[in-house]
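Data block below; observations after.
The values are calculated or read from the model by the stated rules, or taken from the named source; none is laboratory data. Small disclaimer: the values here were computed from a predicted structure and weren't measured. Cβ: placed from backbone, ideal geometry, glycine included. Neighbour counts: every protein chain shown. We work out accessible area using only protein heavy atoms, side chains counted, and drop any ligands, DNA or RNA first. Shrake-Rupley method; radii C 1.70, N 1.55, O 1.52, S 1.80 Å.
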Amino acid sequence: GKWELAYTKFLDSCGTNWVRNTEQFPYIMQGKLRKYTPDFYLPGTDEYIEIKGYETEKDSLKWKQFPKTLVVLKEKELKALGII
C-alpha cells in the first residue's frame, strides 16, 4: 500500500537495512491455528514492523500472541515521523 511504500522510502533515506517479511507466525483465534505475516523485518534491530491504518480485534489478538519484537506503526506514528 501507499503507507508501506512511504515507510520503505523513509528506511532507505535513513540507511536502515530492511526486508519485506515473508515469515509467517502462528496464532490462535477462535480455537483455530492461523498465520500472521508482518509487513517488514529490520535485521539490524531484530524487529518486525506492521504498518496499519486502524486496529481491529483480530489485529490486537494476533499482536498479543506475536513471539518476537513487533512495532506497529499507525497513522499517528507515521505522521509523527514525517513519513506521511
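Results, tabulated for the structure shown:
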quantity	calculated
Distance in nm between pseudo-label sites at residue 58 and residue 21 (7 Å out along the Cβ direction from Cα)	1.7 nm
Degrees separating the helix 2-14 axis from the principal Cα axis of the chain, which is the longest one	50 degrees
Fluctuation leader among 57, 23, 47 - the chain, Gaussian network, Cα springs under 10 angstrom	57
Under the Karplus curve 6.51 cos²θ - 1.76 cosθ + 1.60, θ = phi - 60°, whole-Hz ³J(HN,Hα) for region 25-30, x wherever Gly or Pro sits	10, x, 8, 10, 9, 6
Label-point gap, in nm, between residue 37 and residue 5 - each point 7 angstrom along Cα→Cβ	2.0 nm
Exposure of residue 56 as accessible area (Å², to 10), given a probe of 1.4 Å and all protein chains	50 Å²
Added length on full extension, which subtracts the Cα-Cα distance from 0.36 nm per residue, residue 76 to residue 28	14.4 nm
Length-normalised contact order for region 1-77 - Cα pairs under 8 Å, 6+ apart - percent	25 percent
Along principal axes, Cα extents of the chain, largest first, whole Å	42, 24, 18
